[in-house]
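Structure first, then comments.
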Amino acid sequence: SLSLSPLSLSQEDAAMAAEVLESLLKLVLLIGLIITVFGQAYSHLALDLYGGPLLSSGTGPVLLRWYSGYVLLLALNGVTECFVFAAMSKEEVDRYNLVMLALSVSFLCLSYLLTGWQGSVGFILANCLNMGLRIAHSLHYIHRYFLGSPWGPLRGLRPSPALLLCLALSAVLTRVSEAALCCDSGWLWHLAHVAVGAVCLLAVLVAVVLSETQLVLFIRTQLLSRYAKKDT
């Protein structure tokens with residue numbers, strides 16, 4: 001448990017906690033952004049391949065596109081709330097349970113209103129708003145937790161400009177590819193659409209390796225090395 005301020009911890013423990021939190025935030029943010037970006041252009045094709053026209057001709061692709069954005073919020077909330085619960089004292093956890101109760105009530109109200117307005121999409125949107133509120137609360141706590149210390153793990157939520165540009169270009173190119181090549185044409189056009197996405201994904205991964213060196217180092221030294229030790 002970290003239920004102390006970082007200034008009360010040893011320099012080594014506080015620095016490690018901040019470094020791991022920053023790297024995990026960056027990792028889940030990038031994974032979530034990739035899923036969100038490519039989910040917009042490949043939801044229709046994925047459902048068509050999985051279930052045929054039964055799934056791809058209705059509201060399925062729209063729902064999957066929205067859900068791909070919800071995955072990003074789920075990932076961020078998982079990491080931020082995990083840290084917050086580890087850092088909170090018992091009294092803070094008790095207060096946070098009241099916050100969660102209020103958020104649950106607000107989610108029920110939002111679900112009722114948005115489902116009546118947008119149907120199934122409204123339910124996903126209500127989940128997104130509820131998750132956004134939980135993330136905002138956790139980020140506020142993390143900001144206060146490290147306030148006055150030399151560490152700022154919330155920098156993990158700022159991808160490099162080069163990576164953001166690459167993701168934006170990928171979003172545009174894959175959507176253009178979907179409009180031109182998918183999904184009522186033949187298999188060759190489907191493969192061409194997949195090839196466009198593969199090239200864009202490769203470009204994004206190259207941008208990650210070149211511009212997010214701290215994250216790459218964290219993955220290599222902390223995550224991959226542990227898996228290698230387990231295998232041996």
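The values are calculated or read from the model by the stated rules, or taken from the named source; none is laboratory data. In this text, all values refer to a predicted model and were calculated from it rather than measured experimentally. Please note: Cβ atoms are built from the backbone with ideal geometry, for glycine as well, and neighbour counts cover all protein chains shown. For accessibility, only protein heavy atoms count, side chains too; no ligands or nucleic acids. Shrake-Rupley method; radii C 1.70, N 1.55, O 1.52, S 1.80 Å.
Would you point out which residue out of Arg158, Arg144, Arg134 is of a type in the set (Lys, Arg) and more than 19 Å from the chain's Cα centre (by Cα)? It would help to see each step written out before you state the result.
Working: Arg158 fails: more than 19 Å from the chain's Cα centre (by Cα); Arg134 fails: more than 19 Å from the chain's Cα centre (by Cα).
Just a single option satisfies the conditions, and that option is Arg144.
Is one or more of the residues making up the range 126-144 hydroxyl-bearing (Ser, Thr, Tyr), open to solvent by less than 80 Å² (accessible area, probe 1.4 Å) and closer than 20 Å to Ser68 by Cβ?
Step one: filter the range 126-144 for residues hydroxyl-bearing (Ser, Thr, Tyr), giving 138, 141.
Checking which are open to solvent by less than 80 Å² (accessible area, probe 1.4 Å) leaves us with 138, 141.
Now narrow it down to the ones that are closer than 20 Å to Ser68 by Cβ: none.
So far as the range 126-144 goes, no, none of its residues is hydroxyl-bearing (Ser, Thr, Tyr), open to solvent by less than 80 Å² (accessible area, probe 1.4 Å) and closer than 20 Å to Ser68 by Cβ.
Go through the range 55-64 and report how many residues are open to solvent by less than 50 Å² (accessible area, probe 1.4 Å) and either part of a helix (DSSP H, G or I) or touching a residue at least 12 places away in the same chain (Cβ under 8 Å) (or both). Give the derivation first.
First, pick out the residues of the range 55-64 that are open to solvent by less than 50 Å² (accessible area, probe 1.4 Å): 56, 58, 60-61, 63.
Subset that is either part of a helix (DSSP H, G or I) or touching a residue at least 12 places away in the same chain (Cβ under 8 Å) (or both): 56, 60-61, 63.
Total meeting the criteria: 4.
Count, please, the residues in the range 63-103 that happen to be touching a Gly at 6+ places or on another chain (Cβ under 7 Å) and of a type in the set (Lys, Arg). Give the derivation first.
So in the range 63-103, the residues touching a Gly at 6+ places or on another chain (Cβ under 7 Å) come out as 64-65, 68, 71-73, 75-76.
With the extra rule that they be of a type in the set (Lys, Arg), the set shrinks to 65.
Result for the range 63-103: 1.
Which members of the range 178-212 meet the condition of being modelled with pLDDT under 90 and either among the basic types (Lys, Arg) or open to solvent by 60 Å² or more (accessible area, probe 1.4 Å) (or both)?
Ala179, Ala180, Asp184, Trp187, Leu188, Trp189
Return the pairs, sorted by first residue and then second, in which the second residue is open to solvent by 90 Å² or more (accessible area, probe 1.4 Å), the first residue lies in the range 149-177 and is modelled with pLDDT under 95, the beta carbons are less than 6 Å apart, and the residues are 6+ apart or on different chains.
Close Cβ pairs (under 6 Å, with a partner that is open to solvent by 90 Å² or more (accessible area, probe 1.4 Å)) amount to Ser149/Leu7.
Within the range 107-117, can one find any residue that is crowded, with 19+ Cβ neighbours inside 10 Å and either under 30 Å from Pro153 (Cβ atoms) or under 20 Å from the mean Cα position of the chain (by Cα) (or both)? Explain how you work it out, then say what you get.
If we filter the range 107-117 for residues that are crowded, with 19+ Cβ neighbours inside 10 Å, which is where we start, we get 110, 114.
If we keep only those that are either under 30 Å from Pro153 (Cβ atoms) or under 20 Å from the mean Cα position of the chain (by Cα) (or both) too, we end up with 110.
Taking every residue of the range 107-117 in turn, at least one turns out to be crowded, with 19+ Cβ neighbours inside 10 Å and either under 30 Å from Pro153 (Cβ atoms) or under 20 Å from the mean Cα position of the chain (by Cα) (or both).
Would you call Tyr145 of a type in the set (Ser, Thr, Tyr) and touching a residue at least 12 places away in the same chain (Cβ under 8 Å)?
Working: of a type in the set (Ser, Thr, Tyr): yes; touching a residue at least 12 places away in the same chain (Cβ under 8 Å): yes.
It is true that Tyr145 is of a type in the set (Ser, Thr, Tyr) and touching a residue at least 12 places away in the same chain (Cβ under 8 Å).
Here's the yes/no breakdown for (1) of a type in the set (Phe, Trp, Tyr); (2) outside any helix (DSSP H, G or I); (3) touching a Leu at 6+ places or on another chain (Cβ under 6 Å); (4) closer than 22 Å to Ala203 by Cβ:
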{"position": "Ser104", "(1), (2), (3), (4)": "no, no, no, no"}
{"position": "Cys109", "(1), (2), (3), (4)": "no, no, no, no"}
{"position": "Leu114", "(1), (2), (3), (4)": "no, no, yes, no"}
{"position": "Val121", "(1), (2), (3), (4)": "no, no, no, no"}
{"position": "Leu125", "(1), (2), (3), (4)": "no, no, yes, no"}
{"position": "Pro159", "(1), (2), (3), (4)": "no, yes, no, yes"}
{"position": "Leu169", "(1), (2), (3), (4)": "no, no, no, yes"}
{"position": "Thr174", "(1), (2), (3), (4)": "no, no, no, yes"}
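Find the residue count for the range 67-96, including only residues that are open to solvent by 50 Å² or more (accessible area, probe 1.4 Å) and modelled with pLDDT of 90 or more. Show your work before the answer.
First pass over the range 67-96, keeping only residues open to solvent by 50 Å² or more (accessible area, probe 1.4 Å): 67, 74, 82, 85, 90-91, 94-95.
Now restrict to residues that are modelled with pLDDT of 90 or more: 67, 74, 82.
Within the range 67-96, residues that are open to solvent by 50 Å² or more (accessible area, probe 1.4 Å) and modelled with pLDDT of 90 or more number 3.
Six or more apart or on different chains, Cβ atoms under 6 Å: show the pairs whose first residue is in the range 70-92 and among the hydrophobic types (A, V, I, L, M, F, W, C) and whose second is in a helix (DSSP H, G or I) and open to solvent by 40 Å² or more (accessible area, probe 1.4 Å).
What qualifies is Val71/Ile35; Val79/Leu24.
Test of understanding: among Ser149, Ser138, which residue is out of contact with any strand residue (DSSP E or B) (no Cβ under 6 Å at 6 or more places or on another chain), under 30 Å from Met88 (Cα atoms) and not in a helix (DSSP H, G or I)?
Details: Ser138 fails: not in a helix (DSSP H, G or I).
The match here is Ser149.
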